[in-house]
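Novice: I have a structure I would like to understand better, so I am pasting it below and will then ask my questions one at a time.
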Amino acid sequence: PAQAVDQPFDAGLMRLAEVLGSLHFLRNLCGEKGDQWRGLMERLLAAENPDEERRARFVANFNRGYRSFEGTYTSCTASATEAIGRYTVEGETLARELAARYGN
């Protein structure tokens, strides 16, 4: 049987999933209640329409981002706020670069 082959943009998309998970935790920790970041992850999954294995990788990366901060922060601190800023910039940059390089 044929094996799934990673697309050249998969590393960037997987990192984007991790960033979205991080932002989902951090933004809620710092007062933004809701599922905006999870919603963006769901939109990414809908756009990619991955097979089960690839979908599991997306979800695992999202969860890794979420859990990496869940184990570090119990309250919103200056460091958490700074991380939000850095991850927001990284996510925007990743999305823009992926769209510019691989979008149609």
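Novice: Does Arg64 count as open to solvent by 60 Å² or more (accessible area, probe 1.4 Å) and touching a helix residue (DSSP H, G or I) at 6+ places or on another chain (Cβ under 8 Å)?
Specialist: For Arg64, the condition - open to solvent by 60 Å² or more (accessible area, probe 1.4 Å) and touching a helix residue (DSSP H, G or I) at 6+ places or on another chain (Cβ under 8 Å) - is met.
Novice: While we're here: With respect to Phe58, is the statement that it is at pLDDT 95 or above, crowded, with 17+ Cβ neighbours inside 10 Å, within 12 Å of Leu13 (Cα to Cα) and of a type outside the set (D, E, K, R) true?
Specialist: Judged against the criteria, Phe58 is a match.
Novice: I'd like to know if segment 41-48 contains one or more residues that are under 22 Å from Ala80 (Cα atoms) and either small (Gly, Ala, Ser) or open to solvent by 50 Å² or more (accessible area, probe 1.4 Å) (or both).
Specialist: No, the conditions are met nowhere in segment 41-48.
The values are calculated or read from the model by the stated rules, or taken from the named source; none is laboratory data. Quick caveat, the model's predicted, so the values are computed rather than measured. As a convention, Cβ positions derive from the backbone with ideal geometry for all residues, glycine included, and neighbour counts pool all protein chains shown. Heavy atoms of the whole protein, side chains included, go into the accessibility calculation; ligands, DNA and RNA do not. Shrake-Rupley method; radii C 1.70, N 1.55, O 1.52, S 1.80 Å.
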